[in-house]
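The structure under discussion appears below in the form of structure tokens.
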Amino acid sequence: MFGKKIIVPIFILSLFFTGLLFARSDTAMAASNLSWGSRGAEVVQLQNTLNTKGYWCGSADGIFGPNTYQGVTSFQKDAQLIVDGIVGPQTRQALGLSSNIASGSTVSRSGTATTRAGKVLTMVATAYDGCYECNKPYYGLPSYIGLPLARGIIAVDPNVIPMGTRLYVEGYGEGIAADQGNAIKGNRLDLFFDTHQQALDYGMKTVTVTIL
């Protein structure tokens, strides 16, 4: 009888500590890339850091919106990073932010697979820039969801990849599904580049795309 009284509290304590371990694991996994629409304490830390460094993004409200996006892209440009508005490992390091991002699994070069990072697709990618030829009849307008056109903006078929989805494109880097195009249907992507020549040089490629 006495033994049972000891075993029950020990069992309860073991469950408690197991819960703590899972909570710590979930927290580490949550420290992922920050982008438009992200919320929480990590965004507050980002906003405070940007404001301290002179990239004013308004009050630290924990909501990654247009002001925070502008602050991030301005910092990335000055730091000579890829200007995509996404706070990934390189931007985190340059800002001096802590990073607990868990590394993903190796992606497949064909077909569709599921990894720790997310779903992986094989897609055909083309390229565009902000010129009239690439954007008529929408020249001068922002992306479909309102983000400014910049490297990291990716046009997709929303029936395949929902708007606002964060992506990693083989050979291009991180971006966000923020635009659409009449010719972008099915497993197609259109990647934004800074100049028309860069878009021409990219041409058309078959790439693996990881949903982040």
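The values are calculated or read from the model by the stated rules, or taken from the named source; none is laboratory data. Note that this is a predicted model, so its numbers are computed, not measured. Neighbour counts are summed over all protein chains in view; Cβ atoms, including those assigned to glycine, are modelled from backbone coordinates with ideal geometry.
For the residues Gly181, Gly171, Gly175, the requirement of being exposed (fewer than 12 other Cβ atoms within 10 Å of the Cβ) and touching a residue at least 12 places away in the same chain (Cβ under 8 Å) singles out Gly171. Scanning segment 155-212 for residues that are of a type in the set (Asp, Glu) and more than 22 Å from Ser38 (Cβ to Cβ) turns up Asp157, Glu170, Asp190, Asp194, Asp201. Is there a residue in segment 188-197 that is over 16 Å from Asp84 (Cβ atoms) and either modelled with pLDDT under 90 or surrounded by 17 or more Cβ atoms within 10 Å (Cβ to Cβ) (or both)? Looking through segment 188-197, at least one residue is over 16 Å from Asp84 (Cβ atoms) and either modelled with pLDDT under 90 or surrounded by 17 or more Cβ atoms within 10 Å (Cβ to Cβ) (or both).
Rundown of residues vs (1) part of a helix (DSSP H, G or I); (2) at pLDDT below 90; (3) hydroxyl-bearing (Ser, Thr, Tyr), yes/no style:
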| position | (1), (2), (3) |
| --- | --- |
| Phe75 | yes, no, no |
| Asp84 | no, yes, no |
| Asn100 | no, yes, no |
| Thr106 | no, yes, yes |
| Ser110 | no, yes, yes |
| Ala117 | no, yes, no |
| Met123 | no, no, no |
| Thr126 | no, no, yes |
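Scanning segment 125-169 for residues that are in contact with a His (Cβ under 9 Å, 6 or more places away or on another chain), closer than 20 Å to Val207 by Cβ and not acidic (Asp, Glu) yields a total of 2.
Does segment 13-33 contain any residue that is acidic (Asp, Glu) and either modelled with pLDDT of 50 or more or buried (at least 18 other Cβ atoms within 10 Å of the Cβ) (or both)? So far as segment 13-33 goes, no, none of its residues is acidic (Asp, Glu) and either modelled with pLDDT of 50 or more or buried (at least 18 other Cβ atoms within 10 Å of the Cβ) (or both). For segment 142-154, the count of residues that are farther than 22 Å from Ser38 by Cβ and at pLDDT 80 or above is zero. Filtered by the rule that a residue be touching a helix residue (DSSP H, G or I) at 6+ places or on another chain (Cβ under 9 Å) and under 20 Å from Gln90 (Cα atoms), segment 193-212 gives a lone residue, Phe193.
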